[in-house]
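Report on one structure; see the data block that follows.
The values are calculated or read from the model by the stated rules, or taken from the named source; none is laboratory data. Owing to the predicted nature of the structure, the values given are computational and were not obtained by experimental measurement. Cβ atoms come from the backbone with ideal geometry, glycine included; neighbour counts cover every protein chain shown. Calculation scope for accessible area: heavy atoms of the full protein, side chains included, ligands and nucleic acids excluded. Shrake-Rupley method; radii C 1.70, N 1.55, O 1.52, S 1.80 Å.
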Amino acid sequence: MTRGFKVVKAYQGKDVKIPSRATKNAAGYDFESAVDFTLPSIWKMDFIKILRTIRKEQPFSDGDAEKAKKILKPFLIPTVIKAYMAPNEVLILANRSSGPLKHGTILPNGIGVIDADYYDNESNEGEIFIQLINFGLFDRHIKKGERIGQGIFLNYLVADDEVSASS
């Protein structure tokens, strides 16, 4: 077994679909939401008020800054999936093409990076979550089983004279 997906232990035997490619030539494996989830629109959460404050160059209090951080944060959608791969591989998480265009949702970090050593880690067994922000006008109601992102396995290279903190 070189690379693939498994369901985290707490959800084994339940109705969970392993990521798959939609067509023979698709590069990405579609990830589904493991739960029903409401992704709030950023426009409902005082986003405009924060932008006005910044634009007018008004001072921010520490409380305002903390509130802004809570408002302008991505939400983590559980997939209950973990990925295993060779040590020189990475799983890149990306938007589905329909996300921004049809649903107003994006991965705020552009891509997600799942390293080979994330699999079966102690903190969460390597469960993959898809980070999303909804910049659409209305809340986005995601249904369990709805495709929310895609993952692409890639090889990567390291520098010849790399100095690593741990091997």
Study note, to complete from the structure: One finds the C-alpha centres of the range 120-165 and the range 54-94 to be spaced, in Å, by 11
Point to revise | Spin-label pair Thr2/Lys143, simplified geometry with 7 Å Cα→Cβ offset, distance in nm | key: 3.7
Check your understanding: So which aspartates and glutamates can Lys67 reach, going by Cα to Cα under 20 Å and dropping same-chain residues fewer than 8 places off?
Key -> Asp46, Glu57, Asp139
**Study point:** Rounded to 10°, Cα long-axis angle of helix 62-71 versus longest principal axis of the chain
**Key:** 50
Practice item. Evaluate the relative contact order of the range 1-152 (contact order divided by residue number), counting alpha-carbon pairs under 8 angstrom at least 6 apart; express in whole percent. Key: 38
Review point. Which residue, Ser61, Ser97, Ser41, has the most motion in a Gaussian network model of the chain that connects Cα atoms within less than 10 Å?
Key: Ser61
Review point. Which residue fluctuates the most in the chain, going by a Gaussian network model with Cα springs under 10 Å, if the choices are Leu157, Leu93, Leu76?
Key: Leu157
Point to revise | Residue among Phe153, Phe138, Phe75 with the largest mean-square fluctuation in a Gaussian network model of the chain, springs linking Cα atoms under 10 Å | key: Phe138
Check your understanding: Placing +1 at every Lys and Arg Cβ and -1 at every Asp and Glu Cβ, with all other atoms neutral, what dipole size does the chain have around its Cα centre, in debye to the nearest 20?
Key -> 1040
Exercise for review: Please state the charge dipole magnitude for the range 82-167, taken about the Cα centre, from unit charges on C-beta atoms (+1 on K and R, -1 on D and E), reported in debye and rounded to the nearest 20.
Suggested key: 900
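Of all accessible surface on the range 23-167 at a 1.4 Å probe, what whole percent is carbon and sulfur?
55
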Exercise for review: Report the FRET efficiency, 1/(1 + (r/R0)^6), for Glu125 and Ala159, where r is their Cβ-Cβ distance and R0 is 22 Å, rounded to 0.05.
Suggested key: 0.10
Revision key, fill the gap. Regression test value, accessible area per residue of the range 1-92, probe 1.4 Å, units Å², expected 65
Exercise for review: Give the share of C-alpha pairs in each 5 angstrom bin for the chain, from 0 to the last occupied bin, in whole percents, shortest bins first.
Suggested key: 1, 8, 14, 17, 16, 13, 11, 8, 7, 3, 0, 0
